[in-house]
Structures are given as structure tokens and as C-alpha cells.
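Novice: The following block contains the structure, expressed as C-alpha cells.
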Amino acid sequence: MPSSEKQLSLFSNRFKWSLSNLFADRSAPGMQLYDRALLFAVLSLICFGFVMVMSASMPEAQSLTGNPFHFVWRHGAYLVGCGIIAAVVLQIEMRHWQSFSPFLLLIVGIMLVAVLFVGTTVNGATRWLSVGPIRIQVAEIAKFVFAIYMAGYLVRRHQEIRENAKGFYKPIAVFAVYAFLILMQPDLGTVVVLFVGTVGLLFLAGARLLDFFALILTGILAFVALVALEPYRMRRVTSFLDPWQDPFGSGYQLTQSLMAYGRGDWFGQGLGNSIQKLEYLPEAHTDFIFAVIGEELGFVGIIIVLAVLLFVALRAIKLGNMCLALERAFDGYLAYGIGIWICFQTVVNVGASIGMLPTKGLTLPFISYGGSSLWVMTAAAMMLIRIDYERRLSVIQAVEGRGLKQ
């Protein structure tokens, strides 16, 4: 084993997760062991999310269960799961994800089918598989696995995508199958995220503009049709356009959210002092947690949160660029996919809560309450850390190889 690999052996065969091991500076001179800024940003968002879930969920928990800490304890358990997932993902080499990407796609496809027959229904939507006390939202896993599959496909069929419409539409066919299964739950928000991620990766891979624009047009028409054919989706769109027309009916959630932002002003009412979370604002600790952040921490608070989320997304895009420059195509496309996913889901969540977009039921990455979303986002972030680690290792090995030749 080269000396540089020994120095960078954060991910050894055995788990070594003491703080001294995690933050020890064993890298080559001038070379960090891993992207500490990215790791710190992700951990900060997760810890901040725990604080905000605690603040936003207590009134509803008291009303539903008689225990104000009901959601807090559950979220704490989810964080333990995050630690386990992070430890596992950081140990897996990227070549294994690339090799097993079609197999993972098949497994999640089977799980999506299973949801339709044995899934758990909540608020009229059948989106969860129950495994003992744990409920898994398979659509969240589908986002993660589909990004891995797309990265692997772009590596295998890169030239075909650039030159042949057949290569372009093969992954679209796979997306269509996934989209159909997810719409049966129903979950239009996840389908939109998958579509944007797919289109974004195909564009970055150099797909022909004719195919690209045809896909965009088809996607827009399909979205309009899906909204028009479902009355509840149409109500969401009309209430988004003018929520004050029916402030106690279809526009209730958005009007309460806007009131929360209005009360927040520049510096907020103070942590824990939100009025709207007192059962005025539905889903205050999940889909609309950003409104509570705005009310309690104000404009300054939401700008800071958005800045950190933007930093994570841009870091992923930059990592994709660096990997492609080193001809690590799978790692690069996967980093792109994760960056697009985090950025777009943040835009949709925040846009829905401030009235710029229709409500889609998407969580705020790393912050909203929900085990499946938090676990999948943690896995994606740790995969970025692993990609960056392998990239740094390859750079050092290349430098050492040139030194030996000299």
C-alpha cells in the first residue's frame, strides 16, 4: 500500500469513528483528508433541523399524543439511524455502487410495486412500507437510487447519448416506469424531482439539443395534464395563484405560512416563539418547517439557512467538475445528480411555503422531520464525502507516480 494511502486511510476495513480519528490530520502536506467544509455544513444543517423540529412539533405532538416530545424522540431515533447510515456509506467504494446500480434500480422498482399492494396509507396517500415500527417511504429511496443508475448509464452509454436518440430515450423509458409507479401512490412531487434530475444529467452529458427540448416539452405537457386531471392538484394550483380567495379552505395552508413570514420580519420572534405552529399552520414540522424558521429567526435566519444549503449544492456541482476533469465519470455525474437534487428540492419546498410554487409535499433537505428523507439525504451527503475522498487519493497517487518515474 502506498504511503499516501496509509495517510488517507480514514475508511479502513474496521470502523474507527472516534472524534480523534475523524478529524485527525493524517493527509499529505497541503492536502486535507476529506472535504471538512462540506461535512461541517451537512452536520450543521442536521443539528439545526433537530432544533427546529423540536420547536415546530411540540404543540401538534401535545395535541395528537399528549406527549409534547413525541416527534422529538422519534427524530432523535432517526438521527441515530443517520449515524449508522453514514458509517456504512463511507465504507463502500464508489466502484461497488457503479457495479450494482442496475440491481439497486430493480430492487427499488420491486419495492415501489409492493407499496401499491401492502403499503401503509397516511392522509389518503399510500407511500410507505412498514417494517416493524419503522415506516420507509420508498419514493425517497427512489431519488437516491435513480441518481446512481443515471450516473452509471451515462458512463456506459456516453457516446450513444450524444449521437443517437435511442441512447437518450432508454433512461427516459426507465424513468417513465418509475414515474408511473410513484404517481399511483400518488406522489407528483417526487416524479418532478426525478424528472429534473434526469433532464439535468442528460444535458450535462451532452445530449442532443433536439432530444433535450423535446423531452422538456413532453414533461411540461405531462405535468399540466396530471394537474388538470386531478381535482386536488388543480385546487393546489388555483390556491397558489390566489390563496386569499379562499383563506379558510384551499388557500388555508399558504395563507398561514405567509402570516408566519410576515411576523418574522428581519430578525424573527425568537426561537420557540412562533404563533403559527400552535396548530394554525398544518405540517409545521415537515413540509412547512421553513415558514416556522422564518417566523422565529426572521429574514436573516432564512438567508443563512439558504446560504448553507446552496453551499452544499454548489460544492456537489464543483466536485462533479473536478471528478470529470480526472476522468472519474461515474463519480462526477453522481455528484452532479446529488447537487441538482438538493438544489431543486430546496427550491420547491421554499417556493411552496412562500407562495411562488404550488404545494408539492417535498421536505426541506436535512431539516424537515421525517426518517426516510433524512436517512436518504444523509446517505447522499456521505456519498459526496466518499467521492471527494477517492478523488483526493487519486490525485496524490498520480503525483507520487510521477515522482517515482522521475
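The values are calculated or read from the model by the stated rules, or taken from the named source; none is laboratory data. Note that the coordinates shown come from a computational prediction; the quantities given were computed from them, not determined experimentally. Every residue, glycine among them, receives a Cβ derived from its backbone with ideal geometry; neighbour counts consider all protein chains shown. To get the accessible areas, we keep the full protein, side chains included, count just its heavy atoms, and leave off ligands, DNA and RNA. Shrake-Rupley method; radii C 1.70, N 1.55, O 1.52, S 1.80 Å.
Novice: Compute the distribution of all C-alpha to C-alpha distances in the chain, in bins of 20 Å from 0, and list the percent of pairs in each, rounded to whole numbers.
Specialist: 25, 57, 17, 1
Novice: Report, to the nearest 10°, how far helix 70-91 tilts away from the longest principal axis of the Cα atoms in the chain, using its own Cα long axis and a range of 0 to 90°.
Specialist: The helix 70-91 is inclined about 20 degrees to the chain.
Novice: Could you check the simple spin-label distance between Asp246 and Trp73, using points 7 Å along Cα→Cβ, in nm with one decimal?
Specialist: 3.9 nm
Novice: How high is the relative contact order of region 315-372? Use alpha-carbon pairs under 8 Å, at least six apart in sequence, and give a whole percent.
Specialist: Over region 315-372, the number comes to 24 percent.
Novice: Run the helix sum for the chain: -39,500 (n - 2.57) per DSSP H stretch of 4+ residues, divided by residue count, reported at 222 nm to the nearest 500 deg cm²/dmol.
Specialist: That comes out to -24000 deg cm²/dmol.
Novice: Within the chain, what whole-number % of the accessible surface is contributed by carbon and sulfur, with the 1.4 Å probe and all protein chains included in the calculation?
Specialist: 67 percent
Novice: With loop defined by DSSP as not H, G, I, E or B, and exposure as at most 16 other Cβ atoms within 10 Å, which is the longest segment of the chain clear of exposed GluC sites (Glu not before Pro)?
Specialist: 94-278
Novice: So, for region 126-174, what is the accessible surface per residue at a probe of 1.4 Å, expressed in square angstrom?
Specialist: With all protein chains present, region 126-174 gives 43 Å² per residue.
Novice: 7 Å from Cα along Cα→Cβ at both Asn273 and Leu43: what's the point-to-point distance in nm?
Specialist: Reported label-point gap for Asn273 and Leu43 is 3.1 nm.
Novice: What number, in percent, do you get for the relative contact order of region 329-406 if the mean sequence gap of Cα pairs under 8 Å and at least 6 apart is divided by its residue count?
Specialist: Contact order relative to length: 20 percent.
Novice: Quick check for the chain: number of Lys pairs with alpha-carbon distance under 30 Å, counting only pairs 8 or more apart or on different chains?
Specialist: 15
Novice: For a quick check of your reading of the filter: which chymotrypsin sites (Phe, Trp or Tyr not before Pro) in region 266-360 sit in a DSSP loop and have no more than 14 other Cβ atoms within 10 Å?
Specialist: Those that pass, being in a loop and sparsely packed, are Trp266, Phe267.
Novice: Okay, moving on. Report Rg(Cα)/(2.2 N^0.38 Å) for region 263-367, keeping two decimals.
Specialist: 1.27
Novice: On C-alpha positions alone, give me the angle between the axis of helix 231-241 and the longest principal axis of the chain, in degrees, nearest 10.
Specialist: 90 degrees
Novice: Using alpha carbons only, how many degrees (0 to 90, rounded to 10) separate the axis of helix 165-183 from the longest principal axis of the chain?
Specialist: 40 degrees
Novice: Further question on the same structure: Might you tell me the accessible area per residue for region 342-403, computed with a 1.4 Å probe and given in Å²?
Specialist: Spelled out: the 1.4 Å probe surface of region 342-403, per residue, equals 25 Å².
Novice: Using just the Cα positions, wrap region 82-207 in a convex hull and report its mean projected area in square nanometres, one decimal place.
Specialist: Its average projected convex-hull area is 8.5 nm².
Novice: Still on this structure: For Cα pairs less than 8 Å apart in space and 6+ apart in sequence, what is the mean separation divided by the residue count of the chain, i.e. the relative contact order in percent?
Specialist: Once normalised by length, the contact order is 23 percent.
Novice: Taking the Cα centre of each part, how many Å lie between region 174-247 and region 292-370?
Specialist: Result: 19 Å between the Cα centres.
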